[in-house]
1. Mind listing the long-range amide H neighbours of residue 92? Cut-off is under 5 Å, sequence gap 5 or more, other chains count too, H placed in the peptide plane at 1.01 Å from N.
2. Per the helix-only calculation at 222 nm, which mean residue ellipticity applies to the chain, given -39500 (n - 2.57) for every DSSP H run of n ≥ 4 and division by its residues, nearest 500 deg cm²/dmol?
3. So, for the chain, what is the accessible surface per residue at a probe of 1.4 Å, expressed in square angstrom?
4. For the ranges 55-62, 396-403, 96-103, what's the packing order if you count other beta-carbon atoms within 10 Å of each residue, average per peptide, and put the highest first?
5. Convex hull volume of the Cα atoms in the range 271-378, per residue, in Å³?
6. Need one number: convex hull volume per residue for the range 306-428, Cα atoms only, in Å³.
7. Using the alpha-carbon centroid of each, what span in Å lies between the range 62-113 and the range 150-177?
8. Compute the distance in nm between two label points, each set 7 Å from the Cα along the Cα-to-Cβ direction, one at residue 318 and one at residue 221.
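The values are calculated or read from the model by the stated rules, or taken from the named source; none is laboratory data. Note that this is a predicted model, so its numbers are computed, not measured. Every residue, glycine among them, receives a Cβ derived from its backbone with ideal geometry; neighbour counts consider all protein chains shown. SASA here: full protein model, heavy atoms, side chains in, ligands and nucleic acids out. Shrake-Rupley method; radii C 1.70, N 1.55, O 1.52, S 1.80 Å.
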Amino acid sequence: MDFQTIGLASIGVLLGLVLLGCPVGIAMILVGFGGFAMMIGIGPALSVLETAAWETATNFGFTIVPLFMLMGNAISESGMARDLFRASERLTRGWSGGIAAAGVTASAAFSTISGSSLATAATITRIAYPEMQRRHYDPRLAAGSLAAGGTLGIMIPPSIALLLYALITQQSVGEMFLAGILPGLLAYTLYIVTILIISRFWRPGDEAAPMEETTRLEALRLFLPVGALFGLVMGGLYGGFFSPTEAGGAGALLALIFAAWRGMRWAGLLRALKNTVAATAGIFLILIGAEVYGFVISTSQISFEIVAYMREAGLEPWQVLAIILAVYIVLGCFMESLAMILLTIPIFFPVIIEAGYDPVWFGIIAVVTVELGLITPPVGMNLFMVKSSAPSLNQKSIMIGVLPFVLSDVIRLGLLIAFPAIALVLTGR
């Protein structure tokens, strides 16, 4: 069997294992090891397995991952997420669908320190949905807004997905974060517009009674800790005071100080550390798997075969992009966002460069499409996260409720493709 055939077969086997429920990192390690052993031999495959694990675990560039994870987990344990929702509710009070808009606003604010779609969706759903129930919200409006708001976690910087994309494609972390700001704000704006429209059909319940008496000035004050964290990380990074890793360390330290000031005790600190270690271990397992499987990709030259086929078939660049985006939407229905990025980028990146697209722009497009897949019924990952965080919601309401937000994401994707400057203008590219 020639190398190209083994490489193509490995993709089918890998997707099959994932569909059967095998963790993505383990599936990539198994398929990568087996495929490389078939092509080169068992001895070199064992050497690759050892080298990939060691190089990934000791790569200083990846140190930023647990630091950003710790920053988000410390804030979660501090109770600041509840403050963000309280402040957001005060600012959106009087709007049609104001509590739903508050949930999306809190998700956007929490995204500036979380970097994870699933963590954002779970955290804000646990806080916002009980209030929506108390107000007798239409469950479709409640579920759709919370699932969609969670996707902001992987776009608004500092985003773990954009960070990993930058690291594995050797792009500037700073440029990737800058490129994510306007698309993230565009997503937030479109979600708010969507809420204002659909709340006229899926009527929210009692919007009159406020959660608590809070002035707008007090509400803005509640945003200050998150604003300070975002300003420290992004300002220090772009002001030239910090490297990306130093920015993550400074952010994590300030988050721990804020959390301690807010009353986080040893139990909360231990939970934050435990959650950080668990999440980081999962990400590093996928990174190791991507490194191992990358040897199969490079040795079999699948990407170059795809490029050659693209030339022979006379495919236009937009057709290549459309095929890749369709793959992302399908994968998003049953795979976590970071796993999708790490699994597909080694294959797609050379194809995109050959097609003439800007690598930073494509990173944004890839993440936006991953976001779309996360809320696409019937099995988008965020839908299940909202369901697990609010068990009283039925799956049908979640699936129907998220459809208008899927449409808004499609509109955003179209705008970013039609006007690449939305993503690139802040980077100066």
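1. The answer is none.
2. Computed mean residue ellipticity for the chain: -25000 deg cm²/dmol.
3. Counting only protein heavy atoms, the per-residue value for the chain is 40 Å².
4. 96-103, 396-403, 55-62
5. Given the Cα convex hull of the range 271-378, per-residue volume reads 113 Å³.
6. Output value, Cα hull per residue: 113 Å³.
7. Result: 19 Å between the Cα centres.
8. Spacing of the two 7 Å Cα→Cβ label points: 5.4 nm.
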